[in-house]
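Student: Starting off with a structure, shown below.
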């Protein structure tokens with residue numbers, strides 16, 4: 001039986017818990033970026049549709065999922081606060097205006113579809129449709145800017161690297177959104193979406209290269225990390241996965257296309273983690289071993305995470321299974 005003395009004496013089973021929690025934080029960030037990413041992408045693609053029925057179909061496709069997907073952002077913040085409270089305090093206070101802007105964009109993205117459905121008036125729906133697109137574009141852009149500033153330790157909200165990483169994240173969400181909507185739609189809309197996905201993955205690869213160049217120019221430490229074998233290997237792998245994504249779209253293997261977009265997402269987040277490690281807050285020079293909480297709460301959190309995380313993942317697996325398949329003509333948001 002594990003008692004308090006055991007929990008206070010050292011990491012459970014001598015596991016590298018600080019590194020494991022660092023990895024878990026970025027796994028949660030990647031999960032949010034993938035799951036809510038295809039919701040953002042659907043919002044961007046919403047702007048390409050003029051037909052009212054096609055717009056309703058896009059809203060119905062993401063309706064059962066977007067609010068659950070957004071919870072992963074809360075989990076990310078909670079995990080960062082629980083495991084690395086000094087980083088949470090420093091990072092979020094340093095970029096509090098950017099964080100409020102992200103929350104505002106998420107609020108607009110969530111409110112707009114609700115308001116869009118309240119009245120079937122052309123002017124009303126045009127206004128809220130544009131609001132939905134604006135929120136879907138702004139939220140990933142600002143999230144990308146936040147991550148770029150985290151990497152470089154910049155106190156400013158908008159920098160060259162922030163802009164390029166923001167564009168990268170937008171392109172990635174369109175890549176994911178295309179694959180997801182091709183699973184959820186039929187006929188003309190499904191066929192038309194392919195070209196947006198192919199263009200978006202090309203823009204994504206170009207933006208990744210531009211982002212790495214901008215980040216390398218902003219910090220010598222970041223430059224040395226970017227030129228390391230692991231990061232460059234992930235970039236090469238991303239090119240191969242992107243080629244597989246295009247092939248999957250063209251052959252209507254849409255589950256594979258969605259899986260490829262997931263791989264691209266986790267690869268991007270892995271690059272961020274590799275560039276940071278062993279630091280977790282370059283602006284203050286904090287390493288993960290210095291920023292991690294004390295032994296007792298760390299062990300207790302690790303036990304709780306080991307019990308709860310599988311339950312959460314199972315819930316999402318059931319949710320996506322229940323609402324699998326294309327949207328029916330009678331479905332609505």
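The values are calculated or read from the model by the stated rules, or taken from the named source; none is laboratory data. Everything numeric in this text was worked out from a predicted model, so none of it was measured. Cβ coordinates were reconstructed from backbone atoms using ideal geometry, including for glycine residues, and neighbour counts include every protein chain displayed.
Student: Looking at (1) over 21 Å from residue 171 (Cβ atoms); (2) over 21 Å from the mean Cα position of the chain (by Cα); (3) touching a residue at least 24 places away in the same chain (Cβ under 8 Å), which one does residue 280 not meet, given that it meets all the others?
Tutor: Failed condition: (2).
Student: Condition first: touching a residue at least 40 places away in the same chain (Cβ under 8 Å) and assigned to a helix (DSSP H, G or I). Now tell me which residues in the stretch 145-162 satisfy that.
Tutor: Initially, the stretch 145-162 is screened for residues touching a residue at least 40 places away in the same chain (Cβ under 8 Å), giving 145-155, 157, 159-161.
Selection gives 145, 146, 147, 148, 149, 150, 151, 152, 160, 161.
Student: Exactly one condition in (1) modelled with pLDDT of 95 or more; (2) buried (at least 23 other Cβ atoms within 10 Å of the Cβ) is not met by residue 38; state its number.
Tutor: (1)
Student: What number of residues in the stretch 262-283 are under 18 Å from residue 202 (Cα atoms) and assigned to a loop (DSSP other than H, G, I, E, B)? Before the answer, list the steps.
Tutor: The initial filter retains those residues of the stretch 262-283 that are under 18 Å from residue 202 (Cα atoms), namely 262-268.
Cutting the leftovers down to assigned to a loop (DSSP other than H, G, I, E, B) gives us none.
Counting residues in the stretch 262-283 that are under 18 Å from residue 202 (Cα atoms) and assigned to a loop (DSSP other than H, G, I, E, B) gives 0.
Student: From the list 257, 273, which residue is in contact (Cβ under 8 Å) with a residue 60 or more places away in the chain, under 25 Å from residue 79 (Cα atoms) and touching a helix residue (DSSP H, G or I) at 6+ places or on another chain (Cβ under 8 Å)? I'd like the intermediate steps shown before the answer.
Tutor: Working: 257 fails: under 25 Å from residue 79 (Cα atoms).
Just one listed residue meets the conditions, 273.
Student: For the stretch 107-127, which positions are surrounded by fewer than 20 Cβ atoms within 10 Å (Cβ to Cβ) and assigned to a helix (DSSP H, G or I)?
Tutor: Step one: filter the stretch 107-127 for residues surrounded by fewer than 20 Cβ atoms within 10 Å (Cβ to Cβ), giving 107-108, 110-111, 114-115, 117-127.
107, 108, 110, 111, 114, 115, 122, 123, 124, 125, 126, 127, listed by residue number.
Student: Residue check: is residue 173 closer than 27 Å to residue 64 by Cβ and assigned to a helix (DSSP H, G or I)?
Tutor: Working: closer than 27 Å to residue 64 by Cβ: yes; assigned to a helix (DSSP H, G or I): yes.
Spelling it out, residue 173 is indeed closer than 27 Å to residue 64 by Cβ and assigned to a helix (DSSP H, G or I).
Student: Consider residue 172 against the criteria (1) out of contact with any helix residue (DSSP H, G or I) (no Cβ under 6 Å at 6 or more places or on another chain); (2) modelled with pLDDT of 95 or more; (3) surrounded by 17 or more Cβ atoms within 10 Å (Cβ to Cβ): it satisfies all of them except one. Which criterion is unmet?
Tutor: If we test residue 172 against (1) out of contact with any helix residue (DSSP H, G or I) (no Cβ under 6 Å at 6 or more places or on another chain); (2) modelled with pLDDT of 95 or more; (3) surrounded by 17 or more Cβ atoms within 10 Å (Cβ to Cβ), just (1) comes out false.
Student: With within 16 Å of the chain's Cα centre (by Cα), surrounded by fewer than 17 Cβ atoms within 10 Å (Cβ to Cβ) and part of a helix (DSSP H, G or I) as the only criterion, which of 243, 259 stands out? Walk me through it before giving the result.
Tutor: Working: 243 fails: within 16 Å of the chain's Cα centre (by Cα).
When all the criteria are applied, what remains is 259.
Student: Within the stretch 301-314, is even one residue under 24 Å from residue 188 (Cβ atoms), at pLDDT 90 or above and under 21 Å from the mean Cα position of the chain (by Cα)? Step through it out loud before you land on a result.
Tutor: Applying the first criterion (under 24 Å from residue 188 (Cβ atoms)) to the stretch 301-314 yields none.
No; the residues of the stretch 301-314 include none that is under 24 Å from residue 188 (Cβ atoms), at pLDDT 90 or above and under 21 Å from the mean Cα position of the chain (by Cα).
Student: While we're here: Would you tally the residues in the stretch 284-294 being in a helix (DSSP H, G or I) and either touching a strand residue (DSSP E or B) at 6+ places or on another chain (Cβ under 9 Å) or farther than 29 Å from residue 151 by Cβ (or both)?
Tutor: Summing the residues that are in a helix (DSSP H, G or I) and either touching a strand residue (DSSP E or B) at 6+ places or on another chain (Cβ under 9 Å) or farther than 29 Å from residue 151 by Cβ (or both) in the stretch 284-294 gives 3.
Student: A further question follows. Filtering the stretch 199-240 down to residues that are in contact (Cβ under 8 Å) with a residue 40 or more places away in the chain and not in a helix (DSSP H, G or I), which residue is surrounded by the most Cβ atoms within 10 Å (Cβ to Cβ)?
Tutor: Once the filter is applied, the top-ranked residue is 219.
Student: Same structure again: List the helices (runs of 4 or more DSSP H) that sit entirely inside the stretch 50-98 and contain at least 3 residues that are in contact with a helix residue (DSSP H, G or I) (Cβ under 6 Å, 6 or more places away or on another chain), over 21 Å from residue 34 (Cα atoms) and at pLDDT 90 or above.
Tutor: Numbers: elements: 52-62, 66-83, 85-94.
Because the criterion is at least 3 residues that are in contact with a helix residue (DSSP H, G or I) (Cβ under 6 Å, 6 or more places away or on another chain), over 21 Å from residue 34 (Cα atoms) and at pLDDT 90 or above, the helices (runs of 4 or more DSSP H) in the stretch 50-98 that meet it are 66-83, 85-94.
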